1. May I ask you to verify whether K20 is among the charged types (D, E, K, R), without any contact (Cβ under 8 Å) to a residue 40 or more places away in the chain and over 26 Å from L122 (Cα atoms)?
2. How many of the residues making up the stretch 15-26 are of a type in the set (D, E) and either at pLDDT 85 or above or open to solvent by 90 Å² or more (accessible area, probe 1.4 Å) (or both)?
3. If you take the residues in the stretch 42-88 that are among the basic types (K, R) and part of a strand (DSSP E or B), which one is least open to solvent (accessible area, probe 1.4 Å)?
4. Scan (1) more than 24 Å from N178 (Cα to Cα); (2) surrounded by 19 or more Cβ atoms within 10 Å (Cβ to Cβ) for the single condition F95 breaks and write down its number.
5. Would you confirm, using the coordinates I've provided, whether N12 is exposed (fewer than 13 other Cβ atoms within 10 Å of the Cβ), assigned to a helix (DSSP H, G or I), at positive phi and at pLDDT below 85?
6. For the stretch 93-116, state whether one or more residues are closer than 22 Å to K174 by Cβ and either of a type in the set (K, R) or in a loop (DSSP other than H, G, I, E, B) (or both).
7. Of everything in the stretch 15-29, what is over 19 Å from the mean Cα position of the chain (by Cα) and part of a helix (DSSP H, G or I)? Give them in sequence order.
8. Would you point out the residue of the stretch 164-178, among those that are surrounded by fewer than 17 Cβ atoms within 10 Å (Cβ to Cβ) and closer than 16 Å to A118 by Cβ, that is modelled with the lowest pLDDT?
Amino acid sequence: QIHPHFLFNTLNTMYGSALKKADETPEMILKLSNLLDYLLYQVDKPSVSLEDEINHIEDYISLEKMRFNDTLRIDFTKKIESKSITVAPMLFIPFVENSFKHGTLQNGVLDINLSIIATNNLIDFKLSNSSLNHDNKTFGIGLENIKKRLNLLYPNRHTLQIANLKSKFTVILKINLNSTLKDE
């Protein structure tokens, strides 16, 4: 599920955009509509195509870009070997959402780097964002819930590394789609 603050902030951004009669307002409404459609009708499925999951992430990022304007620098790399790769719905979005929610502007910019590389055997998800929190021991309930969900959905088939280093928060998630994932 998407945090209510995201929906509230997005609607406020759309309202301001509509008042200015900005050209991007219809696109914002369409992207939010797509996001809500995905949330309402796809999340109950056991799996969705990785391509659909990535489209959902891209809609989310597009809305955040409109909200952040010039204070966001995002690099999103994706390489998907096959359209037949599936994942549990809403698997990656909590990490992406957290990068916007908890990321810190440094020199006036929030830096986010996202990479999803998938073969028929492995999904390699990497995300980092600028951060000023140096406490590597405390993670919120959201991350704990994600860990539990991964253990239920992909037992012995995933590795998750989360680090909150000097000025960067990093998530590395690897999911083996076929068998047990060995520690690297």
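1. On the way: among the charged types (D, E, K, R): yes; without any contact (Cβ under 8 Å) to a residue 40 or more places away in the chain: yes; over 26 Å from L122 (Cα atoms): yes.
The answer is yes for K20.
2. Initially, the stretch 15-26 is screened for residues of a type in the set (D, E), giving 23-24.
Retained after the next criterion (residues that are either at pLDDT 85 or above or open to solvent by 90 Å² or more (accessible area, probe 1.4 Å) (or both)): 23.
Looking only at that region, the number is 1.
3. Going residue by residue through the stretch 42-88, those that are among the basic types (K, R) are 45, 65, 67, 73, 78-79, 83.
Add one more test, that the residue is part of a strand (DSSP E or B), and what stays is 73, 78-79.
Details: R73: 133, K78: 91, K79: 127 Å².
The selected residue is K78.
4. (1)
5. On the way: exposed (fewer than 13 other Cβ atoms within 10 Å of the Cβ): yes; assigned to a helix (DSSP H, G or I): yes; at positive phi: no; at pLDDT below 85: yes.
Against the criterion (exposed (fewer than 13 other Cβ atoms within 10 Å of the Cβ), assigned to a helix (DSSP H, G or I), at positive phi and at pLDDT below 85), N12 does not qualify.
6. Within the stretch 93-116, the first condition is being closer than 22 Å to K174 by Cβ, and the residues that meet it are 93-99, 112-116.
Narrowing the set further to residues that are either of a type in the set (K, R) or in a loop (DSSP other than H, G, I, E, B) (or both) leaves none.
So far as the stretch 93-116 goes, no, none of its residues is closer than 22 Å to K174 by Cβ and either of a type in the set (K, R) or in a loop (DSSP other than H, G, I, E, B) (or both).
7. Filtering the stretch 15-29 for residues over 19 Å from the mean Cα position of the chain (by Cα) gives 15-27, 29.
Correct list: Y15, G16, S17, A18, L19, T25, P26, E27, I29.
8. Across the stretch 164-178, the extreme among qualifying residues is N178.
The values are calculated or read from the model by the stated rules, or taken from the named source; none is laboratory data. Keep in mind that what you see is a predicted model, and the values were worked out from it rather than measured. Every residue, glycine as well, gets a Cβ built from its backbone with ideal geometry; the counts of neighbours run over all protein chains shown. Quick note on the areas: whole protein, heavy atoms, side chains included, nothing else; ligands and nucleic acids left out. Shrake-Rupley method; radii C 1.70, N 1.55, O 1.52, S 1.80 Å.
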